[in-house]
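*Asks:* Pasting a structure here, questions to come.
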Amino acid sequence: MADLRIFSYLPNPRVWKATIAARFCGVEVEVRGAPPKELRDWLWDYDARPLAEHERVSLSSLARTGRVGLTGSQLFKTDAFMEAQPFGNVPAAFGPNGEIGIFESNSIMRAVARLGESKSTLYGHDAYEASRIDSFLDVSLVFARDSQIYLLALSGGTVDAAVHARAREAFAIYASGIEQALSPRREALVGTGLSLADICFAAEFSLFMNEHARAEQLHKLGLDRILHPAVQDEYPRTFAHFARLVEHVHFQPDLKPYVEKLLAKAGN
Ligand SMILES: N[C@@H](CCC(=O)N[C@@H](CS)C(=O)NCC(=O)O)C(=O)O
């Protein structure tokens, strides 16, 4: 049995926070899921699985209306799922037998690091480093909130100038802090080795790159891409760090194909 099971729509860079961490520290993570649209036809449970056609009727009492991302969809979440995952979101992680639910991708990633702490220092060498890593995870979540609102508006075709401006500001605040933390020539956000802070940064940054696939929509609205071609010159250390991480042996299997696909859409 895996140390941790994660259920989510796939592909999802927020799930990769955990799978990347797992490669560093030898923890076994099982991932279950399907593309976002197909999750409407899944049973949301520790034992998540596609529903048979007749179950959509027999289990209709479980149907709950999605609120974030899967807005308006009828999602079949079991009572046990809601007990383990009180906010009802994915990625949803579970300890063995599904008894303990862990939610929020940063916390799922922390769970992996804690399970594998004898084999890695991903969560820092001491209480001070661990807390500094938490600081990066907290600011990343603040950025992730605005990024999520922006990306969902882009994918739903509802983006407007206000949502765009808020995301641009959120990106500028986040990237400026990362740039400062990497100055003058640091290759890790905390201490000397890679940590959960770097993993979280790489995952959230790659997710934000979905903007590249929506350039046409932004253009029609008279809005610039936040990740416009010259943005790399504004945050050179940040982009160089991201490029290094994408090539890293533990990041590459998840991130590289995803990032390459999005870069192809950007024409960069
Ligand atoms: N900050 C969370 C984001 C989780 C989240 O918002 N998940 C959405 C999909 S993008 C969801 O599960 N929605 C299900 C629903 O609305 O019922 C994380 O990093 O894990």
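Please treat every number below as a calculation from the coordinates, not as lab data. Every value quoted in this text rests on a predicted model; they were computed, and no experiment measured them. Quick reminder, even Gly has a Cβ in these numbers, built from the backbone with ideal geometry, and neighbours come from all protein chains shown.
*Asks:* Name the residue from 199, 243, 264 whose Cα lies farthest towards the positive end of the charge dipole of the stretch 124-268, charges +1 on Cβ of Lys and Arg and -1 on Cβ of Asp and Glu.
*Replies:* Value: 264.
*Asks:* Excluding residue 98 itself, calculate the net charge of residues whose Cβ lies under 15 Å from the Cβ of residue 98, where each Lys or Arg counts +1 and each Asp or Glu counts -1.
*Replies:* Spelling it out: positives minus negatives among the neighbours equals -3.
*Asks:* Turning to a different aspect of this structure: So which lysines can residue 261 reach, going by Cα to Cα under 23 Å and dropping same-chain residues fewer than 8 places off?
*Replies:* Qualifying lysines at Cα under 23 Å: 17, 37, 220.
*Asks:* Give the residue list of GluC sites (Glu not before Pro) in the stretch 12-56 that are DSSP loop and have at most 10 other beta-carbon atoms within 10 angstrom. The partial results should precede the final answer.
*Replies:* Values: sites: 28, 30, 38, 53, 55; in loops: 28, 53.
Filter output for the stretch 12-56: 53.
*Asks:* On to the next question. With a cut-off of at most 13 other beta carbons within 10 Å, and DSSP calling the residue loop, which trypsin sites (Lys or Arg not before Pro) in the stretch 115-205 qualify? Please list them. If you can, show how the numbers build up before the last one.
*Replies:* Working: sites: 119, 132, 145, 166, 168, 185, 186; in loops: 119, 185, 186.
Those satisfying the criteria are 119, 185, 186.
*Asks:* Quantify how much of the Cα-Cα distance distribution of the stretch 127-266 extends past 24 Å, in percent.
*Replies:* On the way: 2862 of 9730 pairs.
The share of Cα pairs beyond 24 Å in the stretch 127-266 comes to 29 percent.
*Asks:* Over 33 Å, how big is the tail of the calculated P(r) for the chain, in percent of all Cα pairs? Walk me through the numbers before you get to the answer.
*Replies:* Details: 8035 of 35778 pairs.
Looking at the chain, the distances longer than 33 Å represent 22 percent of pairs.
*Asks:* Okay, next question. How large is the charge dipole for the chain, taken about the Cα centre, if only the Cβ atoms of Lys, Arg (+1) and Asp, Glu (-1) carry charge, to the nearest 20 debye? Please report the intermediate quantities before stating the final value.
*Replies:* Numbers: 29 positive and 33 negative charges, 87 e Å.
Approximately 420 debye in magnitude.
*Asks:* For the ranges 195-205, 91-101, 231-241, 152-162, what's the packing order if you count other beta-carbon atoms within 10 Å of each residue, average per peptide, and put the highest first?
*Replies:* Working: 195-205: 26.9, 91-101: 18.3, 231-241: 16.2, 152-162: 13.4.
Result, highest mean first: 195-205, 91-101, 231-241, 152-162.
*Asks:* Can you pull out the chymotrypsin sites (Phe, Trp or Tyr not before Pro) in the stretch 22-92 that DSSP calls coil and that have at most 15 other Cβ atoms within 10 Å?
*Replies:* Working: sites: 24, 42, 44, 46, 76, 81, 87; in loops: 46, 87.
Hits after loop and neighbour filter: 87.
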